[in-house]
1. Once label points are set 7 Å from the Cα along Cα→Cβ at both S36 and S150, what is their separation, rounded to one decimal in nm?
2. So what J values fall out for the stretch 149-155 if you push phi through Karplus, 6.51 cos²θ - 1.76 cosθ + 1.60 with θ = phi - 60°, rounded to Hz, Gly and Pro as x?
3. What is the distance, in nm, between label points placed 7 Å from the Cα along the Cα-to-Cβ direction at L126 and at T85?
4. Solvent-accessible area of L126, probe 1.4 Å, all protein chains present, reported in Å² to the nearest ten, please.
5. For T119, T92, T108, write out the residues from largest to smallest accessible area, computed with a 1.4 angstrom probe and no ligands counted.
6. Can you give me the pair-distance distribution of the stretch 105-191, C-alpha pairs, 10 Å bins, whole percents?
7. R29's amide H: which non-local residues (gap 5+, or another chain) put their own amide H closer than 5 Å, with H modeled 1.01 Å from N in plane and none for Pro or chain starts?
8. Could you put D26, D172 in order of accessible surface area, largest first, with the 1.4 Å probe and the full protein assembly present?
Amino acid sequence: MSTDTHLTATPGQTIGPFFHFALLFDHDRELVPPGSSGAVRLHGHVYDGEGQGLQDAMVEIRQADAGGDIPAVEGSLRRDGTLFTGWGRSSTDPTGHWWFSTIEPGATTPGRPAFFAVTVFARGLLNRLFTRIYLPGADEDLTTDPLLSSLPADERVRLVAVRDGANSLRFDIHLQGPEETPFLTFPRHQD
């Protein structure tokens, strides 16, 4: 019997395509009821390297409430429309479009910009991808953010949502190509 305890890494497996069948639940994308006071529509597309929308992707967000407090409650599979958990999940439609009904988060640290933390799952990915969506309109705050200030200007703008209506924010996620969204790596997360 061998006493070698060294473990050899095995290859990963691609994610999906099963999101539309196994991981979605009623009102999963409604952090607040659509049309409620303060509700905004956060939406966009997930594009592959060829600029085609991915119909079998999933986007998750985690965010602070309007006051900048991160909810201490767990995400719920049963939304009642009253408890704000700060977490949501949206699948993409046949064109790659995703959406959430939520509120604009407040800054979690004074003097820094507010953002949505985003996780992307899609077929062909060996690991999930992490990024952020910053709110538009606070350009002076964007320069105080350690992540944004570490990026070249052309990449920085790819992390800021665009207002496309009174209560609507658009953010497209490009997995590859010249408009690739900047993605983050966290400790203990390996590509």
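The values are calculated or read from the model by the stated rules, or taken from the named source; none is laboratory data. Source: prediction; values computed, not measured. Reconstructed Cβ throughout: ideal geometry from the backbone, glycine too, with neighbour counts over all protein chains shown. Protein only, heavy atoms only, side chains kept; ligands, DNA and RNA dropped before computing areas. Shrake-Rupley method; radii C 1.70, N 1.55, O 1.52, S 1.80 Å.
1. 3.5 nm
2. 3J(HN,Hα) across the stretch 149-155, in whole Hz: 5, 8, 9, x, 3, 5, 7.
3. Once both label points are built, they end up 3.1 nm from each other.
4. We get 100 Å² for L126.
5. The ranking, largest first, comes out as T108, T119, T92.
6. Pair shares across the bins are 15, 48, 31, 6.
7. Result for R29 returns R89.
8. Per-residue accessible area, sorted high to low, gives D26, D172.
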